[in-house]
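The values are calculated or read from the model by the stated rules, or taken from the named source; none is laboratory data. Worth saying up front: this structure is predicted, and the values here are computed from it rather than measured. Please note: Cβ atoms are built from the backbone with ideal geometry, for glycine as well, and neighbour counts cover all protein chains shown.
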Amino acid sequence: MNINWTTVTAVIGATLGVWNLVQSFFQRRVRLKVVPKLTVIRGSGFLSSSMDLLPDGFACIEVTNLSVFPVTIAEVGFSLDGEVVRGVVIPDPTTLLPKRLEPRESIDVRATRSAGFPKKARRAYATTQCEHTCYGDSVVLSKWRKMSTA
């Protein structure tokens, strides 16, 4: 069997070139994981859940930087169903935002003086300093929506 090594090398080079192009495209994107939660104070700490409705819970949004570069979070909140405006979470403490997140670092932004999620909350969002917005949903927010419409 006669193998043309030039063709084999060209095919391998083209394949690796396409792979590197796709990989570099995904590495340059801002990627945030946004998870809405309910939080309660237990003793001297916080108990947060993205799965269960907690009695007397208040809104909390966890933002994780999945990018390979640092990202500064400027604003978090909830998009509202049927509304153009968004409900911004005022963090506790109020000096928490803006916050620079290194790769794989996360932050919990807890609302001040809030009981649960906003009535028309559809999904949570986080906006960076460069105005890139990522959205997220969770089981507890879905349960809250079903409970508030019933």
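Tell me which residues, restricted to region 1-40, are of a type in the set (S, T, N, Q) and in contact with a strand residue (DSSP E or B) (Cβ under 6 Å, 6 or more places away or on another chain). It would help to see each step written out before you state the result.
Let us first name the residues in region 1-40 that are of a type in the set (S, T, N, Q), namely 2, 4, 6-7, 9, 15, 20, 23-24, 27, 39.
Once the filter is applied, which keeps residues that are of a type in the set (S, T, N, Q) and in contact with a strand residue (DSSP E or B) (Cβ under 6 Å, 6 or more places away or on another chain), region 1-40 yields only Thr39.
Restricting the search to region 110-131, which residues are farther than 19 Å from Asp56 by Cβ and part of a strand (DSSP E or B)? It would help to see each step written out before you state the result.
Initial filter on region 110-131 (farther than 19 Å from Asp56 by Cβ): 120, 122-131.
Within region 110-131, Arg122, Arg123, Ala124, Tyr125, Ala126, Thr127, Thr128 meet the criteria.
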Checklist entry - When the residues of region 132-150 are filtered to those that are assigned to a loop (DSSP other than H, G, I, E, B) and in contact (Cβ under 8 Å) with a residue 40 or more places away in the chain, which remaining residue is nearest to Phe46 (Cα to Cα)? => result Ser138
Next on the checklist: So for region 9-17 (the condition being surrounded by 10 or more Cβ atoms within 10 Å (Cβ to Cβ), within 14 Å of the chain's Cα centre (by Cα) and not charged (D, E, K, R)), does at least one residue qualify?
Outcome noted: no
Item to check | Criterion violated by Val63 - all others in (1) modelled with pLDDT under 90; (2) within 22 Å of Arg31 (Cα to Cα); (3) among the hydrophobic types (A, V, I, L, M, F, W, C); (4) assigned to a strand (DSSP E or B) satisfied | outcome: (1)
Checklist entry - Can you tell me how many residues in region 1-54 are hydroxyl-bearing (Ser, Thr, Tyr) and assigned to a helix (DSSP H, G or I)? => result 5
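Got at least one residue in region 66-75 being of a type in the set (Asp, Glu), at pLDDT below 95 and over 13 Å from the mean Cα position of the chain (by Cα)?
The initial filter retains those residues of region 66-75 that are of a type in the set (Asp, Glu), namely 75.
Narrowing further to those that are at pLDDT below 95: 75.
Keeping just the survivors that are over 13 Å from the mean Cα position of the chain (by Cα) gives none.
Looking through region 66-75, none of the residues is of a type in the set (Asp, Glu), at pLDDT below 95 and over 13 Å from the mean Cα position of the chain (by Cα).
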Checklist outcome for this item: Counting only residues in region 81-104 that are surrounded by 14 or more Cβ atoms within 10 Å (Cβ to Cβ) and at pLDDT 90 or above, the one farthest from the chain's Cα centre (by Cα) is identified as Lys99
Item to check | Set Val63, Val76, Val34, Val30: member being touching a His at 6+ places or on another chain (Cβ under 7 Å), of a type in the set (A, V, I, L, M) and under 20 Å from Leu97 (Cβ atoms) | outcome: Val30
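Conditions tested, residue by residue: (1) in contact (Cβ under 8 Å) with a residue 40 or more places away in the chain; (2) surrounded by fewer than 13 Cβ atoms within 10 Å (Cβ to Cβ).
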{"position": "Val22", "(1), (2)": "no, yes"}
{"position": "Phe25", "(1), (2)": "no, yes"}
{"position": "Arg28", "(1), (2)": "no, yes"}
{"position": "Lys33", "(1), (2)": "yes, no"}
{"position": "Pro36", "(1), (2)": "yes, no"}
{"position": "Thr39", "(1), (2)": "yes, no"}
{"position": "Arg42", "(1), (2)": "no, yes"}
{"position": "Asp56", "(1), (2)": "yes, yes"}
{"position": "Glu62", "(1), (2)": "yes, no"}
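Out of the residues in region 105-115 meeting the condition of being modelled with pLDDT under 80 and of a type outside the set (Val, Ile, Thr), tell me which one is surrounded by the most Cβ atoms within 10 Å (Cβ to Cβ).
As a first pass, look at region 105-115 and keep what is modelled with pLDDT under 80: 112-115.
In the following step, the residues that additionally are of a type outside the set (Val, Ile, Thr) were identified as 113-115.
Numbers: Arg113: 7, Ser114: 17, Ala115: 9.
Ranking the qualifying residues of region 105-115, first place goes to Ser114.
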